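Okay, so here's the structure we're looking at.
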Amino acid sequence: MRKRPEDLRSHRWFGVETMRSANHRSRLLQLGFGPQEFRGRPVIGVINTWSDLMHCHGHFRERAQDVKRGVWAAGGFPVEIPAMALPEVFQKPSTMLYRNFLAMETEEIARSLPLDGLVLMGGCDKTGPALIMGAISMGLPAIYVPAGPMLSGNWRGRKLGSGSDVWKYYSELRAGTIAQSDWNEMEAGLSRSAGTCMTAGTASTMALAAEALGLTLPGAASIPAVDSAHPRMAAAAGSRIVE
């Protein structure tokens, strides 16, 4: 059974007739939203870990819109909130040092803002565990939307695995069995689209673990990032969290 408007956590911000609530409503009006768009509706935080250096999440700007589309369709009020990106290959010395920062950020976003539920957008190795840990610590209803794997790599008709064949062929380069020009050409074929490594690495393992725990929609972990089923899944997650 859906909660009554007065049972929603966000009702404390927008539903009561006090000076403080009037100020909260005024600020949403300032953002261009009408009262009929947010009053009495579940407020859903779409926690987005996109950034210009987050290679796995290059499609998340669009996917956030898909999630919001699903929230609107189900009668909710979506608010997109950026959170710390943890790009696995760029962040030094290791993203593991920053995973708990994202977990704490997620928890405090959920605790401090007028949110009734969360859609967690992650995928690159440490983002999924961090987002999920933060949401569980806060205790709000949450659904995880995994980024999905990228397209398979390709070089001269050979299928390449991101994060695996790079080691194999770098050894070949050092051994002199392929040329530097071959290696440079291969760089462009290793990672061919948005999405996480398409091999059975940490990102895929964590996404499958999240699905096994019931934290995603069924089948969400294995949908490729650039497949048309992926935006449909994101929209369905937005609708489901409203319920």
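Just wondering, is there one or more residues in the stretch 168-180 that are free of Cβ contacts under 8 Å to residues at least 24 places away in the same chain and basic (Lys, Arg)? Yes: one or more hits.
Across the stretch 2-29, the qualifying residues are those that are over 20 Å from Ser239 (Cα atoms) and small (Gly, Ala, Ser), and the one among them that is surrounded by the fewest Cβ atoms within 10 Å (Cβ to Cβ) is Ser26.
Listed here are the residues, each with its yes/no results for (1) closer than 25 Å to Leu115 by Cα; (2) touching a Lys or Arg at 6+ places or on another chain (Cβ under 7 Å); (3) of a type outside the set (Val, Ile, Thr).
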| position | (1), (2), (3) |
| --- | --- |
| Arg158 | no, no, yes |
| Ser171 | no, no, yes |
| Ala175 | no, no, yes |
| Asn184 | no, no, yes |
| Met206 | no, no, yes |
| Pro231 | yes, yes, yes |
| Arg240 | yes, no, yes |
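Here Met84, Met133 are screened, and the one residue that is at pLDDT 95 or above, open to solvent by 30 Å² or more (accessible area, probe 1.4 Å) and outside any helix (DSSP H, G or I) is Met84.
All of (1) open to solvent by less than 90 Å² (accessible area, probe 1.4 Å); (2) not in a loop (DSSP other than H, G, I, E, B) hold for Glu62 with one exception: (1). Given the residues Gly40, Gly32, which is the only one that is assigned to a loop (DSSP other than H, G, I, E, B), free of Cβ contacts under 8 Å to residues at least 60 places away in the same chain, open to solvent by less than 80 Å² (accessible area, probe 1.4 Å) and in contact with a helix residue (DSSP H, G or I) (Cβ under 7 Å, 6 or more places away or on another chain)? Of the residues listed, the single one that is assigned to a loop (DSSP other than H, G, I, E, B), free of Cβ contacts under 8 Å to residues at least 60 places away in the same chain, open to solvent by less than 80 Å² (accessible area, probe 1.4 Å) and in contact with a helix residue (DSSP H, G or I) (Cβ under 7 Å, 6 or more places away or on another chain) is Gly40.
The values are calculated or read from the model by the stated rules, or taken from the named source; none is laboratory data. These numbers were taken from a predicted model, which means no experiment stands behind them. Cβ coordinates were reconstructed from backbone atoms using ideal geometry, including for glycine residues, and neighbour counts include every protein chain displayed. Surface areas here come from the heavy atoms of the whole protein model, side chains and all, with no ligands, DNA or RNA. Shrake-Rupley method; radii C 1.70, N 1.55, O 1.52, S 1.80 Å.
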